Structure formats: C-alpha cells, structure tokens
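This report concerns only the one structure given below.
The values are calculated or read from the model by the stated rules, or taken from the named source; none is laboratory data. All of these numbers come straight from a predicted model, not from anything done at the bench. Cβ placement follows ideal geometry from the backbone for every residue including glycine, while neighbour counts extend to all protein chains displayed.
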Amino acid sequence: MNSHEKLLLENRAWASIQLERDPDYFNRLEHVQTPEFLWIGCSDSRVPANEITNTQPGEIFVHRNIANVVDHTDLNMMSVVQYAVEVLKVKHVIVCGHYGCGGVKAAMGNSSFGLIDNWLRNIKDTYWANRNELDWMTDPAARADRLTELNVIHGVQNLVKTSIIQNTWKNAQRPVLHGWVYRLSDGILHDLCKIEPGSNIEKIYRFE
C-alpha cells in the first residue's frame, strides 16, 4: 500500500469514529463556522494548531506559512486576516512560532536556498533590527530561540500596522492580538506578547 493510500483509509476510519461518537458531527461542521481565533502559524508538520490547543475543527481558523511570517505584501495571508476579522469576526488573532524552526535557522545563515531566500529576508530584517541584542549571544541555539521570539513579536506588530486591524478596532473592541511560541520538546505554548484593541500606534503607521 502506498503512503498516500494509507491516508485515505485513515480518513475513512476517522470519519466512522466521529459518527459513532456523534451522529450529528459532520452536519454541524457543514453548516456552521464560528471560530473565535485566527491562528497564523508555521507550516512545520509538528505544530498542528488544533492538536496542540486541544480544540475541535471549526474552533480555529488557520493560516500557515514557513516560519509564521507576517508580511503586509503577502496577499494570501492578508486575505485570510481580512476574512477572519471582517467576516468571521474572530475575537483573537494568534501569531505562533516554535523553537527549533528550520526557517529561522536558515535565515540566520548565509546559504542560498533559491526562491525561499526572498521569504526568509523578512526574518533577516528582524535579525538586523535586533542585532545589538542577538550578536552578543554566544550560544547559537539560544540566539535562534530569541530570533524565533522576535519574529513572532515582529509579526504581531506588523498586524497592528494594517488597515484591516485598525479599522476593526475603530468599530469593535476586537480582535486581541497575541504572540505565542511553542516548544517541541515539551509541547507547551508560551505567551510572549499581547496587544489590546485601541492600543497606541506609531503615527507613521496610523490610519485616520
């Protein structure tokens, strides 16, 4: 049996189990999507949003990319943010990174990987902006962990700078923006930062 065929079989087994537990399970999912959370996470297969938060399908709206970068030029991500905030009316937006991120480690080096170099430039820029702190760290693993945290914090700050978030803040006291980081070695999420609706925005980034 090919590996992809195993996935199809596992899907049927999973669907059968769900129906045994709750005959109305798929009917509810088909007609309702009312998540309170938008999750912007890393594409890493070891960090599935629903599993590590012990939530069910329909509870978290998810966008993932390499190294959970929040870039205002990424129309895919910005479309997800707009839909989640304006249509689904989520109450919280979470940017979640993870220690041991391959994208962060790649951004710290000087090797070229092709097209992804352009994407990793976002993380290199974050390193450069915080070089006075990072260059003093002699332990490469600790430096990578700190850049992982700074990348998350920078992503949350970038959300504040968008007209999508600012316009919603004007009309509703939501969403709250969160920066979290996940540790693969113990499965625990750590809270790095939180920005409440109506928080101060630097004038140059402020939309009137």
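Only one entry of 132, 76 meets the criterion of being within 14 Å of the chain's Cα centre (by Cα) and surrounded by fewer than 14 Cβ atoms within 10 Å (Cβ to Cβ), and that entry is 76. Do we find that residue 107 is assigned by TED's automatic domain parsing to the domain that holds residue 184 and either loosely packed, with under 15 Cβ neighbours inside 10 Å or among the small types (Gly, Ala, Ser) (or both) in this structure? Spelling it out, residue 107 is indeed assigned by TED's automatic domain parsing to the domain that holds residue 184 and either loosely packed, with under 15 Cβ neighbours inside 10 Å or among the small types (Gly, Ala, Ser) (or both). Number of residues in segment 134-151 that are among the acidic types (Asp, Glu) and more than 11 Å from residue 181 (Cα to Cα): the value is 2. Does residue 34 meet the test of being surrounded by fewer than 17 Cβ atoms within 10 Å (Cβ to Cβ) and more than 17 Å from the chain's Cα centre (by Cα)? It is true that residue 34 is surrounded by fewer than 17 Cβ atoms within 10 Å (Cβ to Cβ) and more than 17 Å from the chain's Cα centre (by Cα). Checked against (1) over 15 Å from residue 156 (Cα atoms); (2) among the aromatic types (Phe, Trp, Tyr); (3) touching a residue at least 40 places away in the same chain (Cβ under 8 Å), residue 37 passes all but a single condition, namely (1).
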